[in-house]
Amino acid sequence: MLERKNEPQFEALRVLVVEDSGLSYALIEVMLECLTGATPDRAVNGKEAVQCVQSKDYDLVIMDHLMPVMSGVDATREIRQCMPVWKQPVIAGLSGATSQADLRCYREVGMDYFLAKPMRLEDLRSLLGQVVVREHRAYSWNSMQIGSALVPAGLG
């Protein structure tokens, strides 16, 4: 059993796990709860993932590659094409398919990171750390202080 060690820097992250396998989702859920203290949202196919991302802001989407209804590749492509850049989450592909051609495909459709199955806790911790750093940079570079109000750059 994993020891629950909520890591404060991860507590505010909003995570969606897109995974059709209940067993795989349960494993990821336990790891995320261990690291963040929160239960992630779940979608069981790419179509549900697109709907979730359009209706709620997420910092991270962990996207399985092969799923019924719509694949993770197709869902990622749709999210990247249909959503404003400033609203797009970090997307980490999740798959047992790790050939160079597969990795190139994931990158070309807009996946930011990749996690190989079976996923290890250390790999997930590293991914969450990258998301926190990326979010901090976006906040720092895309905002500027005006008096006491924080205004996105270009709107002030």
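The values are calculated or read from the model by the stated rules, or taken from the named source; none is laboratory data. These numbers come from a predicted model, not from an experiment. For neighbour counting, all protein chains shown are included, and Cβ atoms are generated from backbone atoms with ideal geometry for every residue, glycine included.
Brief remarks on what is shown
- Within the set D112, D123, the sole residue that is over 23 Å from V50 (Cβ atoms), free of Cβ contacts under 8 Å to residues at least 40 places away in the same chain, surrounded by 15 or more Cβ atoms within 10 Å (Cβ to Cβ) and touching a strand residue (DSSP E or B) at 6+ places or on another chain (Cβ under 6 Å) turns out to be D123.
- In this structure, E7 does not qualify as acidic (D, E), buried (at least 19 other Cβ atoms within 10 Å of the Cβ) and touching a residue at least 12 places away in the same chain (Cβ under 8 Å).
- Screening Q51 against (1) assigned to a helix (DSSP H, G or I); (2) exposed (fewer than 14 other Cβ atoms within 10 Å of the Cβ); (3) at pLDDT below 95 leaves a single unmet condition, (3).
Residue by residue, here is whether (1) more than 16 Å from M31 (Cβ to Cβ); (2) in contact with a Leu (Cβ under 6 Å, 6 or more places away or on another chain); (3) modelled with pLDDT under 90 holds:
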{"position": "V90", "(1), (2), (3)": "yes, yes, no"}
{"position": "G96", "(1), (2), (3)": "yes, no, yes"}
{"position": "D102", "(1), (2), (3)": "yes, no, yes"}
{"position": "V109", "(1), (2), (3)": "yes, no, no"}
{"position": "L127", "(1), (2), (3)": "no, no, no"}
{"position": "E135", "(1), (2), (3)": "yes, no, yes"}
{"position": "W141", "(1), (2), (3)": "yes, no, yes"}
{"position": "I146", "(1), (2), (3)": "yes, no, yes"}
{"position": "A153", "(1), (2), (3)": "yes, no, yes"}
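- Qualifying residues in segment 1-11 (those that are assigned to a helix (DSSP H, G or I) and over 14 Å from the mean Cα position of the chain (by Cα)) - the one modelled with the highest pLDDT: Q9
- Residues in segment 65-74 that are part of a helix (DSSP H, G or I) and either free of Cβ contacts under 8 Å to residues at least 24 places away in the same chain or surrounded by fewer than 18 Cβ atoms within 10 Å (Cβ to Cβ) (or both): D74 alone.
- Residue selected from segment 12-33 under the condition assigned to a helix (DSSP H, G or I) and of a type in the set (D, E), by the criterion modelled with the highest pLDDT: E29
- Exclusive hit being surrounded by fewer than 19 Cβ atoms within 10 Å (Cβ to Cβ) and either at positive phi or touching a helix residue (DSSP H, G or I) at 6+ places or on another chain (Cβ under 9 Å) (or both), set Q81, Q88, Q100: Q88
- Scanning segment 75-109 for residues that are under 13 Å from V50 (Cβ atoms) and outside any helix (DSSP H, G or I) returns M83, Q88, P89, I91.
- Against the test of being without any contact (Cβ under 8 Å) to a residue 60 or more places away in the chain and within 16 Å of the chain's Cα centre (by Cα), the options A101, A38 yield a single qualifying residue, A38.
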